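**Q** Sharing a structure, written as structure tokens. Questions coming.
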Amino acid sequence: MATLLLKNCHLISPDVDLPNAAVLIEGEKVKRIFAPGDALPAADSVMDMEGDMVMPGFVDVHCHGRSGEDFCDATDNAITTMAVDKLKEGVTTLLPTTLTLAEDTLATALQTAANYVKSGVKGCKVPGVHLEGPFINPKCLGAQNPDFVRKPDIEEVKRLNAVFPVSKVSFAIEMDGAPEFAAELLSEGITPSCVHSAATFKQFQEGKDHGLVNLSHFCNQMTALHHRDIGLVGAGFFYDEVYIEFICDTLHICPDMISLVFQLKDIDHIQLITDAMRAAGMPEGEYTLGGLPVIVKDGAARLASNGALAGSTLQLCDALKNVYEITGMDLDVLVRTTSWNQARALGFEGIGKIEPGFFADIVVLDDDFKVKKTFVNGELRYSA
């Protein structure tokens with residue numbers, strides 16, 4: 001197998017911060033890590049990282065769109081554009097995320113994901129999709145379309161899963177049959193998550209008894225912390241084992257809340273996401289989300305009808321930069337939140353770290369967190 005040596009790396013991986021390191025890649029996987037001063041081997045190719053940060057490729061488990069496209073446009077061009085352009089922000093594994101829409105629209109979108117994987121296009125890995133809705137509380141819509149809200153239905157999920165793997169489903173745990181639905185998802189190898197929900201803490205606990213240990217876009221469209229009922233936000237703090245997705249754009253979550261969460265929440269259970277919509281990577285102006293008009297101004301995407309936040313324009317490299325600047329935490333700790341925690345939460349093996357035996361999914365960033373290079377399975381797929 002061909003070998004590639006990345007030298008002069010500032011290697012940052014969970015619990016690893018190693019300047020002047022080198023990474024030997026053999027085929028699709030990391031073969032060996034070299035510390036400063038180690039003799040470096042010969043390789044078929046050598047690339048000088050010039051002291052830039054070298055991290056595990058990011059895993060975005062909640063992303064609706066990018067570069068003018070939305071996954072639920074249900075076109076081959078939409079998913080291909082997303083999967084290729086997410087490389088520009090350091091993402092190597094992507095879960096395209098749906099909206100609350102009709103089943104036939106969702107099925108067509110999932111078919112485009114299947115087409116992308118078969119096409120061999122050199123973009124992100126797409127191991128599955130994330131269904132956000134349609135099984136949500138109609139009183140907690142956010143930017144979801146009320147016309148397509150429906151009760152939890154495992155048979156619908158099974159039909160969609162037969163089109164393309166469903167990795168995660170976000171729904172409201174207080175809906176009729178939802179706790180049992182969570183258990184049914186787990187029996188199908190699908191991760192249940194709660195959001196767009198008015199659940200009480202007790203209702204979450206019932207869901208947790210059925211295997212629910214994930215909260216999607218934490219704090220947004222879920223019951224807030226209150227001294228008479230701590231709700232879903234309280235549940236995220238109460239249970240260390242509950243994974244939370246976190247949109248760190250400083251709009252969905254203010255800097256003080258970001259700081260608080262990173263002070264109180266177990267770092268191994270925080271997952272940075274973008275929740276990006278089609279305006280990510282695009283100029284400000286008028287867009288749509290799930291058929292609803294959206295205006296993007298001053299970095300915020302909001303519904304034209306009522307001003308509600310409608311996804312984000314966030315890029316994952318910027319989310320990491322925001323958290324680093326707000327919390328001051330060490331990057332070898334924070335880097336858990338960009339890939340390793342996602343991999344553990346969803347059972348994705350061989351990604352999330354740079355160490356021997358792991359896939360060589362790697363992002364190279366400068367000191368301002370701008371992406372310079374992105375490798376997938378040891379192959380350079382993006383270079384600035």
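The values are calculated or read from the model by the stated rules, or taken from the named source; none is laboratory data. The structure displayed is predicted, hence computed values, not measured ones. Here the Cβ positions follow ideal geometry from the backbone for every residue, glycine too, while neighbour counts run over all protein chains shown. Please note that ligands, DNA and RNA were not included when accessible areas were found on the heavy atoms of the full protein model with its side chains. Shrake-Rupley method; radii C 1.70, N 1.55, O 1.52, S 1.80 Å.
**Q** If you bin every alpha carbon distance in the range 33-104 into 5 Å steps from zero, what whole percent lands in each bin?
**A** Here the calculated profile for the range 33-104 is 3, 13, 19, 16, 11, 9, 9, 8, 6, 4, 2, 1.
**Q** Now, a different point. What per residue convex hull volume, in Å³, comes out for the range 1-151 when only alpha-carbon positions are used? Let's see the in-between values first.
**A** Details: hull volume 21.6 nm³, N = 151.
Considering the Cα atoms of the range 1-151, their hull volume per residue is 143 Å³.
**Q** Also: Quick one, can you get me the convex hull of the C-alpha atoms of the range 259-374 expressed as volume per residue in Å³?
**A** Enclosed volume per residue, from the Cα hull, is 142 Å³.
**Q** Would you mind getting me the FRET efficiency between D240 and A42? Use the beta-carbon distance for r and R0 = 41 Å, nearest 0.05.
**A** 0.35
**Q** Using per-residue counts of other Cβ atoms within 10 Å, averaged over each peptide, order 346-355, 68-77 from highest down.
**A** Answer by packing, highest mean first, reads 68-77, 346-355.
**Q** What does the helix-only formula give at 222 nm for the chain: each DSSP H stretch with n ≥ 4 adding -39500 (n - 2.57), the total divided by the residues, and the result rounded to the nearest 500 deg cm²/dmol?
**A** Rounded to the nearest 500, it is -7500 deg cm²/dmol.
**Q** Quick check on packing: order 114-124, 308-318 by the mean number of other C-beta atoms within 10 Å, highest mean leading.
**A** 308-318, 114-124
**Q** Given the chain, report the % of alpha carbon pairs whose separation exceeds 30 Å.
**A** Working: 26400 of 73536 pairs.
Cα-Cα pairs in the chain separated by more than 30 Å: 36 percent.
**Q** Taking square-rooted eigenvalues a ≥ b ≥ c of the alpha carbon gyration tensor, is the range 79-179 rounded, prolate or oblate, where a/c under 1.5 means rounded and, failing that, a/b exceeding b/c means prolate?
**A** prolate
**Q** Size of the dipole of the range 291-384 about the Cα centre, Lys and Arg at +1 and Asp and Glu at -1 on the beta carbon, nothing else charged, in debye to 20?
**A** 340 debye
**Q** Which percent of the accessible area of the chain is formed by carbon and sulfur heavy atoms (probe 1.4 angstrom)?
**A** Taking all protein chains in place, the chain shows 49 percent carbon and sulfur surface.
**Q** Quick check on my link table: of K29/K370; K31/K88; K118/K168; K86/K158; K88/K321; K118/K353, which ones sit more than 18 Å apart, alpha carbon to alpha carbon?
**A** Cα-Cα > 18 Å for K29/K370; K31/K88; K118/K168; K86/K158; K118/K353; rest within.
**Q** State log₁₀ I(q)/I(0) for the range 152-245 at q = 0.14 Å⁻¹ as given by the Debye formula over alpha-carbon point scatterers of equal weight, solvent excluded.
**A** These q points yield log10 I(q)/I(0) values of -0.45.
**Q** So how compact is the range 238-318: Cα radius of gyration and Dmax in angstrom?
**A** Taking only Cα atoms of the range 238-318, I get Rg and Dmax of 14.2, 40 Å.
**Q** May I ask for the distance between the Cα centers of the range 205-263 and the range 301-366, given as a whole number of Å?
**A** When both Cα centres are located, 17 Å separates them.
**Q** So for the chain: antiparallel DSSP bridges make up what percent, rounded to the nearest 5?
**A** So the antiparallel bridges in the chain amount to around 60 percent.
**Q** For a quick protection proxy, order the peptides 84-90, 130-136, 289-295 by their average other-Cβ count within 10 Å, most packed first.
**A** Details: 84-90: 23.9, 130-136: 25.7, 289-295: 18.6.
Final packing ranking: 130-136, 84-90, 289-295.
**Q** Another question, then. Taking Cα pairs under 8 Å and at least six residues apart, what relative contact order does the chain come out at, in percent?
**A** In percent, rounded to a whole number, it is 20.
**Q** Additional query: State to the nearest 20 debye the size of the charge dipole of the chain about its Cα centre, where the only charges are +1 on K and R beta carbons and -1 on D and E beta carbons.
**A** Approximately 320 debye in magnitude.
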